[in-house]
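Below is one structure, written out as structure tokens; comments come after it.
The values are calculated or read from the model by the stated rules, or taken from the named source; none is laboratory data. As the structure is a prediction and not an experimental result, all values here were calculated from the model. Neighbour counts are summed over all protein chains in view; Cβ atoms, including those assigned to glycine, are modelled from backbone coordinates with ideal geometry. What goes into the accessible areas is simple: the full protein's heavy atoms, side chains included, and nothing from ligands, DNA or RNA. Shrake-Rupley method; radii C 1.70, N 1.55, O 1.52, S 1.80 Å.
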Amino acid sequence: MEKQIFGVGLTAVLPFAVLGLAAAARKWGAGAETSRKLVHILLSNWILLALAVYHSAWTACVLPACFILLNYISYRKGLFSAIEREENNTPGTVWYAVSLFLLCLAGYSLGTPWIAACGMLAMGYGDGLGALVGKRWGRSRFPKPCEEKSLEGLLAVLVFSGLAVGAACAAYVQSPLFALRAALACAVPAAAVELFTSRGLDNLTLPLGVGWIVYLLARFPQLWPAFACLSLTLLILLAAYYLRAITASGLCWALLLGVALFLAGGWISYGALVLFFISGSLVSRIGKSRKAAAEQLHERQGARSTVQVLANGLPSLLFAGAHALTGREGCLLAVLACFAAAAADTCSSEIGMLSKRAPVSILTGKPGTRGLSGCVTPLGLCAGAGGALLISTLAVPGFGVGGMLASAAAGFTGSVLDSVLGAAFQAKYRAENGETECPRSGEGALELARGIRWVNNDVVNFVSVFLCGLLLVAAWRV
């Protein structure tokens, strides 16, 4: 009984002791942000003491509930100066206490109180040390709207949150395999949440997200492949976002597309998406300065947007869903064919713009404008065939060489169809130096020269890729 009373008293005293230590650090010369993060890190360890002392939800939640109120008063009135910013203050300390309350409530109620330790320690050490690393060594900045965050800080969040989750699971679950899986499943999502969540709300989203992932893994071990897919997709997309290859909104939709493709079509569909995205991003960087003038004719330039992600990826998802519902192997091979078509189109366009030979219209054979849809070169066509074949190699394990050749042929056909539709129907506008695909210039809207106004490159991409998949479904082992 005396030990229990002592433990309860210690849980009540510890937060104030940490605040006192931070205040002393301020007086000894530590910066305001350093003292805040010191509190952020040390207070996360409170949950370890609570797990040893409390054995029910209501007892574990009393102190966190009290600190929600105290932290709110401090946020409004500056009660605890060691944890409040003098400028641009946020209610992050309030969300910190709310997270602790919700994780204790959920963890104890579900019979897995240790998930509270996973969430709080991931936030405390991951977010806390990530901020300190970013402030001290952060030089590589992300694009807007995350320009205040650094690559160095994000990597620190990823590493330390993963280590915190792994250590907590190893201690409480005592399963090395589960601890490793939980660490890998949580590290990248934790870093992504910290990157994109602002105004101190990451003190809520990060710990709750980590706790939720760990609980699902413990309750449903069969979800591990899905979480592995989620982490791998996020890691690739975060790298692409840092390199300005995809927008923030495009990243979100690409993440949903990747996970959905994996759930519907398995690793073969997911692998095709990853290979297409990486190869397309690399190809677009080849000879970038030499392609600058031709790229000015395009309506969409720079990082991939949401519309571009869906135009190239949605047809594949439709065929993956059809495979999941019907079990037809032709639908699964069509997923590869769709990505082969998208890769062929990307390679054909990007490499074709570097051709020394002048492009010609695919419909008339007359000389055309470099970079304009519907104009092709031999180099571009060869590059398109190579891109289609690259994606189609994924068909060999499940469909053999015949499946690979069928996918490559359909993909290349889809790329040619893209050029035909681009030449025949895509909107072209009159500009001072000829035709362009951009509907507006600096002076306003441009006059439609030919084509259908609402048919842009995204529409052409979607239609050609989808028709390519239909062609393969109809032709595969008829």
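A few points about this structure:
- Residue-level check: of (1) surrounded by 21 or more Cβ atoms within 10 Å (Cβ to Cβ); (2) touching a His at 6+ places or on another chain (Cβ under 9 Å), residue 469 misses just (2).
- Where helices (runs of 4 or more DSSP H) fall entirely within region 109-191, those with at least 2 residues that are over 21 Å from the mean Cα position of the chain (by Cα) and over 29 Å from residue 244 (Cβ atoms) are at 114-121, 151-172.
- Filtered residues of region 320-364 (kept if more than 27 Å from residue 261 (Cβ to Cβ) and touching a residue at least 60 places away in the same chain (Cβ under 8 Å)): 353, 354, 361, 362, 363
- You will find that of 402, 414, the residue that is over 33 Å from the mean Cα position of the chain (by Cα) and open to solvent by less than 50 Å² (accessible area, probe 1.4 Å) is 402 and no other.
- The lone exception for residue 367 - which of (1) open to solvent by 60 Å² or more (accessible area, probe 1.4 Å); (2) of a type outside the set (A, V, I, L, M, F, W, C); (3) touching a residue at least 60 places away in the same chain (Cβ under 8 Å) it fails: (3)
- Subset of region 67-81 that is open to solvent by less than 90 Å² (accessible area, probe 1.4 Å) and either modelled with pLDDT under 75 or among the small types (Gly, Ala, Ser) (or both) - its residue that is nearest to residue 93 (Cα to Cα): 74
- Residue 267 satisfies every condition listed in (1) surrounded by 18 or more Cβ atoms within 10 Å (Cβ to Cβ); (2) farther than 17 Å from residue 312 by Cβ except (1).
- Of all residues in region 390-430, those satisfying the criterion of being polar (S, T, N, Q) and touching a residue at least 40 places away in the same chain (Cβ under 8 Å) are 392, 407, 413, 415, 419, 426.
- Scanning region 270-313 for residues that are at pLDDT 85 or above and either among the aromatic types (Phe, Trp, Tyr) or not in a helix (DSSP H, G or I) (or both) gives 270, 276, 277.
- Among the candidates 199, 219, residue that is basic (Lys, Arg), open to solvent by 40 Å² or more (accessible area, probe 1.4 Å) and modelled with pLDDT under 90: 199
- Residue count for region 42-64, restricted to those that are part of a helix (DSSP H, G or I), of a type outside the set (A, V, I, L, M) and buried (at least 16 other Cβ atoms within 10 Å of the Cβ): 3
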